[in-house]
């Protein structure tokens, strides 16, 4: 299955947030995107895997390691500080929205589904 333009834009946003926009480019399919997050190679994404992958950007910006993005660590200068705990809570909420069948795991189809 190939991704349409809006799904590619979503992938770009998610990869940028995760700090994973590498020279190898964007994933070409939901399955490839899933594989990048699937740390235990079981073909599905747990909340822990999702949060780990999606928090890489935060952790790389948190230069002093205090769990707070502020001043020059912020991706948008002048924006409000962002706590890691708040970031992780937003990721939990996003995961729950993506987990359409409510089984506690994300699969490729759920990653590719239109946002609700």
Options 62, 72; residue that is touching a helix residue (DSSP H, G or I) at 6+ places or on another chain (Cβ under 8 Å) and either under 25 Å from residue 96 (Cα atoms) or without any contact (Cβ under 8 Å) to a residue 40 or more places away in the chain (or both)
62
Between residues in the stretch 32-51 that are on the phi > 0 side of the Ramachandran plot and in contact (Cβ under 8 Å) with a residue 40 or more places away in the chain and residues that are in a loop (DSSP other than H, G, I, E, B) and surrounded by 12 or more Cβ atoms within 10 Å (Cβ to Cβ), which pairs lie under 9 Å by C-beta distance while being six or more apart or on different chains?
43/107
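Within the stretch 87-112, can you find the residues that are surrounded by fewer than 14 Cβ atoms within 10 Å (Cβ to Cβ) and free of Cβ contacts under 8 Å to residues at least 40 places away in the same chain?
Start the filter on the stretch 87-112 by keeping residues that are surrounded by fewer than 14 Cβ atoms within 10 Å (Cβ to Cβ), which leaves 89-90, 92-93, 96-97, 100-104, 109.
Result: 89, 90, 93, 96, 97, 100, 101, 102, 103.
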Restricting attention to the stretch 58-85, the residues that are under 18 Å from residue 48 (Cβ atoms) and either surrounded by 12 or more Cβ atoms within 10 Å (Cβ to Cβ) or within 14 Å of the chain's Cα centre (by Cα) (or both) number exactly 4
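FYI, it's all coordinate maths here, none of it is from the lab. Model, not experiment: these values are computed from the prediction. With ideal geometry, Cβ positions are generated from the backbone for all residues, glycine too; neighbour counts draw on all protein chains shown.
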